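Q: One structure follows; several queries about it will come next.
Where a number appears in this text, it was derived from the coordinates with a stated rule and is not lab data. Just so it is clear, the structure is predicted and the values come from calculations on it, not from any experiment.
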């Protein structure tokens, strides 16, 4: 979860930097760093050791469908 939060904060900071009109080279470096963090985040989330008993038949966890 750390990577998701850190990547989100990095990309929100990028948006703020663009809005404030910071120099292009700073925005560019933060953009490249944000894209690298996005790749790392996706890799970490997909490689996470998470197991569940749920299947597509269970539908959504917040609105389960009963099998009557």
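Q: Extension gain residue 5-residue 44, at 0.36 nm per residue separation less the Cα-Cα distance, in nm?
A: The residue 5-residue 44 span can extend by a further 12.8 nm.
Q: Given 10 Å bins starting at zero, what is the percent of C-alpha pairs of the range 2-46 in each, up to the one with the largest pair distance?
A: So the P(r) values, bin by bin, are 31, 48, 19, 2.
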